[in-house]
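**Q** If you scroll down you'll find the structure; I have some questions about it.
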Amino acid sequence: MRVRLEDVARAASVSPKTVSRVLNDEANVSDATRKRVRAAMEAMDYRPHPSARSLAGNRSFLVAMLYDNNDNPASTYLAEIQDGVLEACDAHRYSMMVRPLRMRSDDFIRRLDALISDHHPDGVVLTPPITDYAPLLKRLRERGVPYASVSPQSGSGIGVSMDEQAAARAIVEHLLALGHRRIAHVIGIADHGASRWRLAGYREAMAAAGLPEDPALVVQGAFTFGSGVTAARELFALKQRPTAVFAANDDMAIGVMWAAGEYGLKVPHDLSVCGFDDTPLARQLWPALTTVQQPSREMGRIAAQQLLGVLRGRGPGELVQVPFALQIRGSTARVP
């Protein structure tokens, strides 16, 4: 016979609502009561039915992760963030859904409203670039839906961020220390905060080294492998090609390495290449890619934790900054 929530309540001498609050890890339960209820659950091998959790309030126990991935549908970065969000949700017995919302579509707000009305998420996790999309943030506030952000440009709210400008500067300084002076940069998508921060870090490092910016060495990309190939072809067509390329993410850096092979250039003997993110593929290439390790999975987990803390009444939440690390591998070497 299935053990019911009411059975646990009787065994622990508390109300069913108190058991529900313990299940939901809410703050307004004393430690002694919480221990007594959990002991009763364990002794009775209680497995809560999903509907029992709703007794503490009108909640769905669902978190939605929203993204705009129109430009790069195979993004490893987003997949790793998703894994981190799911890990946090699982730990607190929340369900998770993942939905794309195209910023450039005419029906953006209508689709957002439909998602909220149809699924009633308790909160959402936002990923770049929709993290900073003003109409989206305004609508979430109007609908009373809490949200946490990954890498918001505003530097405020709740969620997680990393000093991407400092990280970009550090990896360009690595190339400078190897003797490189003609260092190119492949920019990411224009409306991403990441693109702006990484370009600023590149410029900062070059200026600090006393090197004037050469506009021909700064080429637009789109955070995709293909755009990295296209950007590299443009750079290799210069009369004086770069000796090193810093791409704003690993996918584009890998595209640069592919194009280098097409032109008969050996990495790192003829060309040093570095990226940003430290995706699994960066470690599986030969030579392995020098890059900035951005802990994307951990960032997803932290953003979801901050949101869940708010949903569970644990406080207002905060914007947590995570550290970066350089991963120096075989794709960079001293200037030939």
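The values are calculated or read from the model by the stated rules, or taken from the named source; none is laboratory data. Note that the structure is a prediction, hence the values are computed from the model and not measured. Please note: Cβ atoms are built from the backbone with ideal geometry, for glycine as well, and neighbour counts cover all protein chains shown. Calculation scope for accessible area: heavy atoms of the full protein, side chains included, ligands and nucleic acids excluded. Shrake-Rupley method; radii C 1.70, N 1.55, O 1.52, S 1.80 Å.
**Q** Residue under question is Asp251, and the condition is that it be within 26 Å of Gln82 (Cβ to Cβ) and open to solvent by 20 Å² or more (accessible area, probe 1.4 Å); does it hold?
**A** For Asp251, the condition - within 26 Å of Gln82 (Cβ to Cβ) and open to solvent by 20 Å² or more (accessible area, probe 1.4 Å) - is met.
**Q** Shifting gears a bit: Would you point out which residue out of Phe276, Phe324 is aromatic (Phe, Trp, Tyr), open to solvent by less than 30 Å² (accessible area, probe 1.4 Å) and touching a strand residue (DSSP E or B) at 6+ places or on another chain (Cβ under 8 Å)?
**A** Details: Phe324 fails: open to solvent by less than 30 Å² (accessible area, probe 1.4 Å).
Phe276 is the lone residue from the list that is aromatic (Phe, Trp, Tyr), open to solvent by less than 30 Å² (accessible area, probe 1.4 Å) and touching a strand residue (DSSP E or B) at 6+ places or on another chain (Cβ under 8 Å).
**Q** Also: Between Ala222, Ala253, which is in contact with a Leu (Cβ under 7 Å, 6 or more places away or on another chain) and either of a type outside the set (A, V, I, L, M, F, W, C) or in contact (Cβ under 8 Å) with a residue 24 or more places away in the chain (or both)?
**A** Unique residue meeting the criteria: Ala253.
**Q** Would you please name the residue that is farthest from the chain's Cα centre (by Cα), looking only at residues in the stretch 309-336 that are among the β-branched types (Val, Ile, Thr) and modelled with pLDDT under 95?
**A** Val335
**Q** Which one of these is open to solvent by less than 10 Å² (accessible area, probe 1.4 Å), at pLDDT 90 or above and out of contact with any Lys or Arg (no Cβ under 9 Å at 6 or more places or on another chain): Ala148, Ala184, Ala168?
**A** Ala148
**Q** State whether one or more residues within the stretch 327-335 are open to solvent by 60 Å² or more (accessible area, probe 1.4 Å), over 30 Å from Ala88 (Cβ atoms), basic (Lys, Arg) and touching a Gly at 6+ places or on another chain (Cβ under 8 Å).
**A** yes
**Q** Where residues in the stretch 129-145 are open to solvent by 10 Å² or more (accessible area, probe 1.4 Å) and in contact with a Pro (Cβ under 8 Å, 6 or more places away or on another chain), which of them is modelled with the lowest pLDDT?
**A** Asp132
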